[in-house]
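What follows is a short report on a single structure.
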Amino acid sequence: MGKDKTSTNLPLLTASESKLGKSWVPIYENPVDFGIDHFETAMLNIFRQPNINSTVIMRADILKEYIHDPEKGDTMFTSKLVDQTPEFPTNDDSPLLLRDITDVDVRSIPEISNINFTKKHQIVRRIIPRNPFKDHIINQTCLMYTNNRDTNLVVYIPHIDVKEETPYYLPPVYGIGILYDDLKVSIHYLPFGYKEENGKEFQLLKTMSEQERPIRIALKLLTTASKHSRGTKLGYEKRVNHDLVVPKINFQNQYITLKKKYSEYFMNNWGESTDPRKHVFEDIAIAAFVIEYWKIKGFEPENFEFRDLGCGNGLLVYILMQEGYKGKGIDARARKSWKLYPQEVQENLLEQIIVPKILLEPHPSVANLAPTSLEQQLSSTKLLESNQISTTKEFPQNTFIIGNHSDELSCWIPLLGFPFIVIPCCSFGLNGVRKRYPPRKNTMHKTPPSTYKALVDRVEDIAILNGWEIEKEMLRIPSTRNAAIMSSRKIPPMDNEPEQIAKLRVLDIIAMEGGADGWVESSINLMKKEPRSH
């Protein structure tokens, strides 16, 4: 085994005596080549993000934090969440599973006499599982000790009193110790009933095999601690920053609520050939984000309408309407799943192509040279008068546009004149033809950016040119194409400029982008093709 690589072939140490004392049971030990500072930084990050250790966990809310510093003195933080009970409103009577969440006092472990430890961090966190109607929400103490030289100990103590109360996502022990000492990282369990030396739980841990779940969890915890400490040493920086626009707690609480309401039915009654495991949870997550974004920006349900352009299966439209928002979904092709929804939702799912109203008038500088406008051309084919086309003229003034993987429309949406959110997917030009955008000229890249990154940048640049005040977020959705660009208002003075000036600027942007010739033909062809599966 190479140094600093956690191996699945590590020897099981349960027959040995723990470095932490006779009450503890050692499980595994692994040699490493990172330092104590790397270990401490990585473990403090995991204190705040327990989802790193388990996919069953969604997040941790920090309730209390004590930092002990012999030079600067002690500091203490108490969150307003200490006295709040988590709430996830649902449409049924399913009980939320809570385990002694009023117990917010720091818990302790037996004194470790053979190592001269001092306390460095004490944290009480509330663990929120992904499904708190199936797995209990609990509080947990996280401790960090140091000998101020080369040894560091991290301890997790769930706020439960008996083994039988242990949630599925934790091993059934009183405490977990992860020790950094002498360029080794080891993991140890403190069994329930540890005060009874060599008690039943102690002996049970001693006889467990590598295949048993508590031992497998120990290996996972050790692997994660080593991996993240190694990443800290190598200078790894998280490339994606979430929760810049909508706070994580707001989004995740809304997501849990919507998932409880809608996921089971659509997982069992999916009307499309696509994988419901991806699309159902992705649309629920997008709905959660959009709802929380609207709340932050002051979009009250009774004061605006949404238009989901390229709405696909219509699930996002259905969820938003069920949550009290008014709006419509528009797509070039109807989907089989539309018939799954109530009649009032079906009536607001429209099989149409979008021809932006800006294309119905030529640029003023060429109007005299081109008296036959696109509007006249469309009228001659009777298309404009049909219900198969939306010119966006009919959108209410208080419209908010959603472009969720809307492909051909991604670059168009910031030009339509309404607040919006765009989640780009496939790369198209304003003429409706696939296009690979070049990277930004003023950006230095060690390696060329991906086609997707270049598309996201282009949508943002078009929006900025059109005066929008942009915000960006990497959404927590099951898709690698998860960049969202959004705006709720234009920057001064463009927010109140005359309509004619705004129209001229959009026409100039269209011309700068190479024009939109062929958009109508490309859009009409969409109605004849099979829908894409993203």
Requested in this report: Would you mind telling me the antiparallel percentage of the DSSP bridges in the chain, rounded to 5?
Outcome: 75
**Report entry** Sum of side-chain charges, residue 265 neighbourhood, beta-carbon under 12 Å (Lys, Arg +1; Asp, Glu -1)
**Finding:** +1
Query raised in the report: Could you work out Rg/(2.2 N^0.38 Å) for the stretch 248-513, with Rg from alpha carbons only?
Result: 1.03
Report summary line: With +1 at each Lys and Arg Cβ and -1 at each Asp and Glu Cβ, the charge dipole magnitude of the chain around its Cα centre, to the nearest 20 debye, comes out at 1260
Query raised in the report: What pairs in 260/393; 163/220; 328/490; 435/490; 260/295; 134/233 have C-alpha atoms more than 29 Å from each other?
Result: 260/393; 134/233
Query - Loop GluC sites (Glu not before Pro), the stretch 150-196, which have at most 15 other Cβ atoms in a 10 Å radius of their Cβ (DSSP) - result: 196
**Report entry** 12 Å beta-carbon shell around residue 423, net charge (K/R +1, D/E -1)
**Finding:** -3
Report summary line: Burial-style ranking of 105-113, 44-52, average other-beta-carbon count within 10 Å with highest first, yields 44-52, 105-113
Report task. Mind checking which of 45, 84, 96 is farthest towards the positive end of the stretch 1-112's charge dipole, using Cβ charges of +1 (Lys, Arg) and -1 (Asp, Glu) about the Cα centre? Result -> 45
**Report entry** Rounded Å value of the spacing that divides the Cα centres of the stretch 301-332 and the stretch 173-247
**Finding:** 45
Query - Whole-percent pair-distance distribution, where bins are 10 Å wide, for the alpha carbons of the chain - result: 3, 16, 22, 20, 16, 12, 7, 3, 1, 0
Query raised in the report: Among 468, 425, 209, whose Cα sits farthest toward the positive end of the charge dipole of the chain (+1 at Cβ of Lys/Arg, -1 at Cβ of Asp/Glu, about the Cα centre)?
Result: 209
Query - Debye log10 I(q)/I(0) for the stretch 25-233, one point scatterer per Cα, at q = 0.08, 0.10, 0.13, 0.18 Å⁻¹ - result: -0.28, -0.44, -0.75, -1.43
Query raised in the report: Residues with beta-carbon under 13 Å from that of residue 165, excluding residue 165: net charge, scoring Lys, Arg +1 and Asp, Glu -1?
Result: -3
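We did not get these values from a lab; they are worked out from the coordinates using the rules stated. The structure displayed is predicted, hence computed values, not measured ones. Positions of Cβ are generated from backbone atoms using ideal geometry, with glycine treated the same way; all protein chains shown enter the neighbour counts.
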